[in-house]
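The values are calculated or read from the model by the stated rules, or taken from the named source; none is laboratory data. Everything numeric here is computed off the predicted structure, so don't read it as measured data. Note: areas computed on protein heavy atoms with side chains; ligands, DNA, RNA excluded. Shrake-Rupley method; radii C 1.70, N 1.55, O 1.52, S 1.80 Å.
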Amino acid sequence: MTKHVAVLMGGWSSERPVSLSSGASCAEALREAGYRISEVDVDRSIAQVLAELKPDVAFNALHGPFGEDGRIQGLLEILDIPYTHSGVLASSLAMDKQKAKDVMKAAGIPVAEAKVMHRLNAAKKHVMKPPYVVKPVSEGSSFGVLIVLEGQEHPPQELYSSDWPYGDMVMIERYIPGRELTCAVMDGKAMDVTEIISTDHAFYDYDAKYAPGGSSHILPAQLKPNVYEYIQSLTLTAHKALGCQGVSRADFRFDDKGDGEGELICLEVNTQPGMTPTSLVPEIALEAGMNFAQLVSWMVEDATCDR
């Protein structure tokens with residue numbers, strides 16, 4: 001019997017447009033692979049919608065709060081619907097940047113020094129010597145990320161804004177210069193490492209991630225074998241330490257000193273990597289010989305209800 005897959009997308013977080021793009025791409029590929037698809041633009045009535053649809057599997061293409069922080073995962077478990085990606089605990093941990101950093105550090109993964117505080121306190125004075133980065137604690141797609149450069153007199157005054165949409169708690173993290181690298185885990189194995197070259201962007205921000213031509217990718221990344229393998233090892237360690245399942249992706253900065261060595265820092269783990277036409281995981285999977293339809297089909301078949 002053909003599996004009925006509900007592709008969950010949209011939602012109400014800042015990452016709604018990314019999720020709609022991911023969801024549409026996944027739904028199209030899954031139809032081509034022979035699944036029966038219901039595209040669901042998620043709103044507050046999602047429990048009722050799913051109870052009426054009665055899908056065999058939920059493909060979670062949501063991003064941001066509610067979609068990848070453990071809440072939709074908990075709802076799917078209550079409804080007894082198998083779902084893709086990581087479970088409640090791993091999703092919640094990975095979405096909270098400070099808690100994820102604590103877990104990774106305990107597992108021996110190098111992370112940048114950081115502190116969490118209310119945004120209004122972070123706006124008063126430098127709480128860390130510049131350069132540093134200000135990040136919302138629980139956002140993705142680089143929303144709300146601000147870079148404070150060396151010599152900058154004041155912290156970002158945007159933090160005082162009455163319509164700041166990213167939550168009151170922010171992370172102040174030491175800025176790591178260097179190369180932007182990423183590596184994915186699938187089926188319990190670390191995949192190839194990609195280097196991301198942002199085009200006309202100070203860092204891998206929203207436009208660099210999702211706008212056509214916003215970045216270029218070097219796959220596999222040109223690194224010394226020991227550095228390459230170390231990144232793969234750290235990616236798998238982070239995946240396991242956070243309790244991730246299915247597909248995840250870890251992001252790194254590598255301050256290459258010019259001799260192939262340097263400081264390597266893990267920035268974060270994404271339990272639900274983007275699946276848009278410009279996304280990294282589909283590209284990494286293709287390098288391994290798996291096209292997009294095969295990738296999303298594997299994710300559907302890997303789905304369980306108790307993660």
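Roughly what % of Cα-Cα distances in the stretch 114-174 sit above 14 Å, to the whole percent? Please list the in-between numbers first.
Numbers: 864 of 1830 pairs.
Above the 14 Å cut-off, the stretch 114-174 has 47 percent of its Cα pairs.
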### Query
Using the heavy atoms of the protein chains alone and a 1.4 angstrom probe, what is the accessible area of the stretch 114-174 per residue in square angstrom?
51
### Message
I'd like the Karplus ³J(HN,Hα) series for the stretch 61-72: coefficients 6.51, -1.76, 1.60, θ = phi - 60°, whole numbers in Hz, and an x wherever there's a Gly or Pro.
### Response
9, 6, 10, x, x, 6, x, 9, 10, x, 6, 5
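Test of understanding: express the Cα radius of gyration of the chain as a ratio to 2.2 N^0.38 Å, with N the residue count. Show your work: numbers first, answer last.
Details: Rg = 19.1 Å, N = 307, 2.2 N^0.38 = 19.4 Å.
So the chain has a normalised radius of gyration of 0.99.
Going from the alpha-carbon gyration tensor of the stretch 4-85, what semi-axes, largest first and in whole Å, does one get by taking the root of 5 times each eigenvalue? Mind showing how you got there, number by number?
On the way: eigenvalues 60, 51, 21 Å².
After scaling each eigenvalue by five and taking roots: 17, 16, 10 Å.
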## Note on the structure
Using a 1.4 Å probe on heavy atoms of the protein chains only, the accessible area for Asp41 in Å², nearest 10, reads 80
## Note on the structure
Counting only residues 5 or more apart in sequence or on a different chain, those whose built amide H sits under 5 Å from that of Glu268 are Asp251
### Message
Greater than 19 Å separation of Cα atoms is the criterion. Which listed pairs, Lys105/Lys189; Lys105/Lys129; Lys97/Lys135; Lys101/Lys124, meet it?
### Response
Lys105/Lys189; Lys105/Lys129; Lys101/Lys124
#### Entry: Cα long-axis angle, helix 97-106 against the chain (0 to 90 degrees, to the nearest 10)
80
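Please report, as a whole percent, how much of the solvent-accessible surface of the chain comes from carbon and sulfur atoms (probe radius 1.4 Å).
Values: 6900 of 13230 Å².
Exposed carbon and sulfur together represent 52 percent of the surface.
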## Note on the structure
HN-Hα couplings for the stretch 143-153 via Karplus (6.51, -1.76, 1.60; θ = phi - 60°), in whole Hz with x for Gly/Pro, come out as 5, x, 7, 10, 9, 9, 7, 4, x, 5, 6
### Summary
Calc'd 3J(HN,Hα), the stretch 289-296, phi into Karplus 6.51 cos²θ - 1.76 cosθ + 1.60 (θ = phi - 60°), Hz, glycine/Pro = x, comes to x, 10, 6, 4, 4, 5, 4, 5
### Query
Counting only the heavy atoms of the protein chains, how much of His239 is accessible to a 1.4 Å probe, in Å² to the nearest 10?
10
## Note on the structure
Taking the alpha-carbon centre of each part, the distance from the stretch 277-307 to the stretch 54-77 in Å is 17
